[in-house]
Amino acid sequence: MNNMKKQNIFLPLLMIGFLCSSCDDYLNENPDNRAELDTQEKISSMLVSAYPSVSSCFLAETVSDNTDMNEQFSAYNDRLQEEVFFWKEITEVIDDSPQDLWEGCYRAIASANMALTAIEEMGSSADLLPKKGEALLCRAYGHFVLVNVFCKHFGNMSSTDLGIPYIKTPETFVSPEYGRGTVAGVYKKIEEDIEAGLPLLEDKSTAPKYHFNKDAAYAFAARFNLYYRKYDKAIEYATQVLGSNPATKLRNWKNAGQTNIYDIRGNEFISSSNSANLLLTTAYSSWGYINGPYYTGCYYTHNPTISAYETTASTGPWGTSSTYSFGAVNLSAVPKTIVYKINGYFEYTDPVNGIGYRHVVLPVFTTDETLLCRAEAYAMKEEFDQSVADLAVFMKAFTSGTTLTRANINEFYENKVGYYTWKQPTVKKKLHPDFTITAGEQENFIQCILHIRRILTVHEGLRWFDIKRYGIEIYRRSIAANGTITVLDSLKVNDPRRVFQLPQSVISAGLEKNRR
């Protein structure tokens with residue numbers, strides 16, 4: 001099967017000055033000929049394209065410590081994988097590349113802005129306000145993805161760290177002048193859009209799991225405020241999703257883990273009827289194949305070595321991985337350890353020649369991950385009873401092991417597991433955040449939460465943002481057929497490669513590049 005690059009990519013109007021000079025004909029059209037957004041139905045249709053049809057999963061998983069190089073499978077090398085794995089500046093311009101992510105997010109942002117402009121021009125009537133709320137959340141989300149991939153994480157230096165252009169209007173001229181601003185400035189604008197959009201939302205969509213319904217929006221707000229270090233808000237918004245009895249809102253892990261058939265389990269995991277899935281998005285992506293039970297991508301993988309010591313086969317204060325209700329599979333033919341949850345879907349445009357598009361469906365926000373956001377916010381506030389209550393609820397749903405308590409969390413991460421070294425890998429890595437984590441109970445809780453989140457969200461890309469947030473140093477390792485580990489490179493706390501470089505076409509057109 002060929003992965004045919006999707007055609008007729010619509011570069012958002014804001015990108016014209018950066019990326020090309022051949023779009024004058026398009027720009028010279030009356031904007032109304034491009035999209036006559038003069039009814040609620042047309043605005044609803046436009047908002048379908050306000051969700052990025054791209055994914056950061058491949059980039060974030062491959063660049064993180066969830067991926068090793070497997071020496072004996074060098075024949076399956078891929079240039080984009082190699083560039084991402086070794087933290088290089090990326091030259092490939094295909095699905096899953098930084099340019100694909102950049103363009104896709106700004107396309108979605110442009111659609112959100114077109115909808116917002118049309119709503120304003122139609123008088124912002126009461127029946128349009130829910131659409132306005134959705135468009136604001138979409139605009140915030142697109143920028144949230146971009147700032148966390150292409151910039152340093154929010155922190156003490158965010159008032160000077162380079163951000164990304166925050167676009168609030170649909171452009172209708174050829175050479176707009178944009179600066180990158182700062183990370184702090186981008187976060188502030190995301191916050192403004194979230195806060196303005198949340199009160200306007202209604203749950204009346206015909207496909208609610210593919211739109212910002214209220215629960216999905218509050219889950220987004222919870223994760224955003226956790227990253228923003230506004231822990232009270234993170235708790236408040238997570239509670240809006242979870243209610244007074246979070247146990248009833250989580251995925252039924254025991255039921256989900258009953259079958260180990262790849263297609264069936266993956267389809268169920270992303271089912272829109274599953275109440276744990278709050279927002280689903282679709283993307284043109286090869287990630288379901290690279291991370292699937294195939295030879296594709298098997299030179300750089302989440303392999304049994306990582307699984308055994310750090311992730312899906314690791315032991316915690318709850319017990320061993322034999323207690324997990326939703327386990328991973330070690331493939332015998334290729335060095336992949338996979339949790340069957342992100343399938344690859346192929347859309348044939350030419351069945352005879354096997355040409356078409358590769359797709360994935362992603363659970364962008366779930367109740368389980370939102371619960372861990374709240375548990376982390378409680379731990380940062382040193383409200384450990386509340387934090388352990390959330391962690392215990394999740395682990396009771398996810399495993400049949402020991403109930404989590406403050407005592408066994410502290411005992412395990414303080415005394416039963418040492419800090420990770422590349423020779424003796426463990427689940428506990430030294431933390432170097434630019435904020436204070438108190439040694440002892442607070443660090444033990446954070447280590448526990450990072451451990452659980454890494455297991456829960458493996459293959460979904462969120463581990464990379466935890467690495468950035470907590471200043472975790474990681475290695476590029478090569479695993480030989482006999483299990484021997486060789487270190488090829490390391491990524492220290494202040495290494496400038498901890499952010500992806502902007503697409504080369506954007507840099508060439510004048511946007512300031514990241515300092516690497």
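With a 1.4 Å probe and every protein chain kept in, tell me what percent of the accessible surface of region 203-249 is carbon plus sulfur.
The nonpolar share, carbon plus sulfur, comes to 49 percent.
Quick one: which residues, 5+ away or cross-chain, put their amide H under 5 Å from the amide H of Phe365? H built at 1.01 Å from N.
HN-HN under 5 Å from Phe365: Leu278, Leu279.
Quick one: Karplus J couplings for region 99-108, per residue in order, coefficients 6.51, -1.76, 1.60, θ = phi - 60°, nearest Hz, x for Gly and Pro?
In residue order, the calculated couplings are 5, 4, 5, 4, 5, x, 5, 6, 4, 5 Hz.
Per residue, what accessible area does region 344-442 have, given a 1.4 Å probe and all protein chains present, in Å²?
Roughly 44 Å² per residue, with all protein chains present.
Name the residue farthest towards the positive end of the dipole of region 30-165 from the options Thr91, Phe150, Gly163, assuming +1 on Cβ of Lys and Arg, -1 on Cβ of Asp and Glu, about the Cα centre.
Selected residue: Gly163.
Give the long-range amide H neighbours of Val329: residues separated by 5 or more places, or on another chain, with amide H under 5 Å away, using H modelled in the peptide plane at 1.01 Å from N.
Counting only residues 5 or more places away or on other chains, the set is Ile338, Val339, Tyr340.
Report, for the chain, the % of DSSP beta bridges that are antiparallel, rounded to 5.
Around 85 percent antiparallel, to the nearest 5.
If you take the square roots of the eigenvalues of the alpha-carbon gyration tensor of region 369-412 and sort them as a ≥ b ≥ c, do you get rounded (a/c under 1.5), prolate (a/b over b/c) or oblate?
In terms of gyration-tensor shape, oblate.
Could you work out what % of the accessible surface of region 53-195 is carbon and sulfur, using a 1.4 angstrom probe and leaving DNA, RNA and ligands out of the count?
Taking all protein chains in place, region 53-195 shows 51 percent carbon and sulfur surface.
Given [x] 0.97; [y] 1.05; [z] 0.95, which label gives Rg/Rh (Cα atoms, Kirkwood Rh) as computed from the coordinates?
For Rg/Rh (Cα atoms, Kirkwood Rh), the calculated option is [z].
Mind checking the per residue accessible area of region 180-275 for me, 1.4 Å probe, whole number of Å²?
With the other protein chains kept in place, region 180-275 gives 45 Å² per residue.
Please report the relative contact order for the chain, taking Cα pairs under 8 Å with a sequence separation of at least 6, and give it as a percent rounded to a whole number.
The value is 21 percent.
Before rounding to the nearest 500, sum -39500 (n - 2.57) across all DSSP H runs of length at least 4 in the chain and divide by the residue total; then give [θ] at 222 nm in deg cm²/dmol.
So the calculated ellipticity at 222 nm is -12000 deg cm²/dmol.
Round to a whole number: what % of the accessible area of region 362-458 belongs to carbon and sulfur, probe 1.4 Å?
49
What whole-number value in Å² describes the accessible area per residue of region 102-153 for a 1.4 Å probe?
25
Going by amide H atoms built from the backbone, whose H comes under 5 Å of the H on Cys298, apart from near neighbours?
Amide H neighbours of Cys298, under 5 Å, 5+ apart: none.
Add +1 for every Lys or Arg and -1 for every Asp or Glu among the other residues with Cβ under 12 Å from the Cβ of Asp193, and state the total.
Local charge sum for Asp193: +1.
From a point 7 Å beyond the Cα of Asp434 in the direction of its Cβ, which residues of region 198-228 have a backbone N at a distance under 20 Å?
224-228
Given R₀ = 22 Å, what would the calculated FRET efficiency be for Ala196 paired with Met122, taking r from the Cβ atoms and rounding to 0.05?
With R0 = 22 Å, the Cβ-Cβ based efficiency is 0.80.
Return one number: the angle in degrees, 0 to 90 and rounded to the nearest 10, between the long axis of the Cα atoms of helix 231-242 and the longest principal axis of the Cα atoms of the chain.
Once rounded, one gets 90 degrees.
Given a cut-off of 22 Å, name the pairs among Lys249/Lys381; Lys214/Lys468; Lys188/Lys430; Lys381/Lys430; Lys396/Lys423; Lys152/Lys189 whose C-alpha atoms lie farther apart than that in the structure shown.
The pairs that break the limit, which is 22 Å between Cα atoms, are Lys249/Lys381; Lys214/Lys468; Lys188/Lys430; Lys396/Lys423.
Could you check the spin-label model distance between Gln40 and Ala333? Points 7 Å from the Cα along Cα→Cβ, value in nm.
5.3
Take the Cβ-Cβ distance between Lys168 and Thr239 as r, set R0 to 41 Å, and report the resulting FRET efficiency rounded to the nearest 0.05.
0.85
Nearest 10 degrees, 0 to 90: what angle lies between the long axis of helix 183-197 and the longest principal axis of the chain (Cα atoms)?
70
Arg477: net charge of surrounding residues, Cβ under 10 Å, Lys/Arg +1, Asp/Glu -1, itself excluded?
-2
Of Ala118, Leu226, Ala184, which is farthest on the positive side of the dipole of region 115-271, counting Cα position, with +1 on Lys and Arg Cβ, -1 on Asp and Glu Cβ, and the Cα centre as origin?
Ranked along the dipole, the leading option is Leu226.
Nearest 20 debye, what's the magnitude of the dipole of region 59-184 about its Cα centre given +1 on Lys and Arg Cβ and -1 on Asp and Glu Cβ?
So the magnitude is around 660 debye.
For a protection proxy built on the mean count of beta-carbon atoms within 10 angstrom, sort 86-92, 54-60 highest first, please.
Going from most to least packed, we get 54-60, 86-92.
With the Cα gyration tensor of region 380-444 giving a ≥ b ≥ c as the square roots of its eigenvalues, does the rule (a/c under 1.5 for rounded; else a/b larger than b/c for prolate; else oblate) give rounded, prolate or oblate?
oblate
Could you work out the relative contact order of region 222-364, using alpha carbon pairs under 8 angstrom and six or more residues apart, expressed as a whole percent?
For region 222-364, the relative contact order is 27 percent.
Give the calculated FRET efficiency between Tyr309 and Arg406 to the nearest 0.05, with a Förster radius of 30 Å applied to their Cβ-Cβ distance.
Given R0 = 30 Å and the Cβ-Cβ separation, E is 0.75.
Find how many whole Å separate the alpha carbon centroid of region 461-516 from the alpha carbon centroid of region 294-342.
22
Classify region 427-516 from the C-alpha gyration tensor, please: rounded if a/c falls under 1.5, else prolate or oblate depending on whether a/b exceeds b/c.
oblate
Tilt of helix 367-380 relative to the longest C-alpha principal axis of the chain, in degrees (0 to 90, nearest 10)?
Tilt of helix 367-380: around 70 degrees.
The values are calculated or read from the model by the stated rules, or taken from the named source; none is laboratory data. Everything quoted here is computed from the prediction, not taken from an experiment. Please note: Cβ atoms are built from the backbone with ideal geometry, for glycine as well, and neighbour counts cover all protein chains shown. Surface accessibility is based on the protein's heavy atoms, side chains included, excluding ligands, DNA and RNA. Shrake-Rupley method; radii C 1.70, N 1.55, O 1.52, S 1.80 Å.
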